Amino acid sequence: MGQIYYRFCDAKRFAADWERQAKGPWWMEAESFFEIQRFARAHAHIRSFAAQHGQSGLSYSTQLHFAVPYEWGDCGCLVMARLVQRIDAWKGWGGTALLSDDPARRDERDGGAKFIPLQKPEIYQLYIPEVWTHFGAAFEVIDKGSAHKFA
């Protein structure tokens, strides 16, 4: 216990109800977060592309590493939480993200691209099943807000 975990959220949904967004099942440990942060800082073209879409380089770097299409969320906000109670989680690498067949859900920024996570073995995700049922008992939120703040 005491480990710090990070969860990226869609900025619009975060603004509407940050706590609901924080209770989602996909998280990362600090080591993965810092590697994604270093990647964003080291690559000006990542920051430049992100800025063209009103994002931070950190947000776009996360989308690349975890294959998160815009239709799923822009990774524009972040929740940082300390583990205060033991939880069960699965740890692994993400797979290819499939875009929706529903035109109403599509986001033009995705451009019909195939989202395949960057192949970096040190970057992995945590899946915390049913975290919404025990979020308040398992985590202490220590910071939250725009990904620009954490970049």
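Quick note: the coordinates plus some simple rules give every number you see, no bench work behind them. The structure displayed is predicted, hence computed values, not measured ones. Note that we place each Cβ from the backbone using ideal geometry, even for glycine, and neighbour counts take in every protein chain shown.
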**For the range 63-151, alpha-carbon Rg and Dmax in angstrom** = 15.2, 41
**Item:** Nitroxide proxy distance, nm - points 7 Å out along Cα→Cβ at ARG105 and PHE34
**Value:** 3.7
**Item:** For the chain, the longest site-free run once GluC sites (Glu not before Pro) in DSSP loop states with at most 12 other Cβ atoms within 10 Å are removed
**Value:** 1-121
**Complete:** On each of the three principal axes the extent of the alpha-carbon atoms of the range 2-151, given in whole Å and largest first, is 41, 36, 28
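To the nearest 0.05, how large is the calculated FRET efficiency for ILE4 and GLN119 if R₀ is 35 Å and r is the Cβ-Cβ distance? Intermediate results must be reported in sequence, preceding the final value.
Working: r = 25 Å, r/R0 = 0.73.
Calculated transfer efficiency: 0.85.
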**Complete:** Among trypsin sites (Lys or Arg not before Pro) in the range 72-151, those in a DSSP loop whose Cβ has at most 15 other Cβ atoms within 10 Å are ARG86, ARG105, LYS114
**Asked** Using a Gaussian network for the chain with springs between C-alpha atoms less than 10 Å apart, which of these wobbles most: SER56, SER48, SER32?
**Response** SER48
**Asked** Using the Cα atoms as the points, what is the convex hull volume per residue of the range 1-62 in Å³?
**Response** 81
**Message:** Just to be sure I follow the rule: in the chain, considering lysines 8 or more places apart or on different chains, how many pairs have Cα atoms under 22 Å apart?
**Reply:** 7
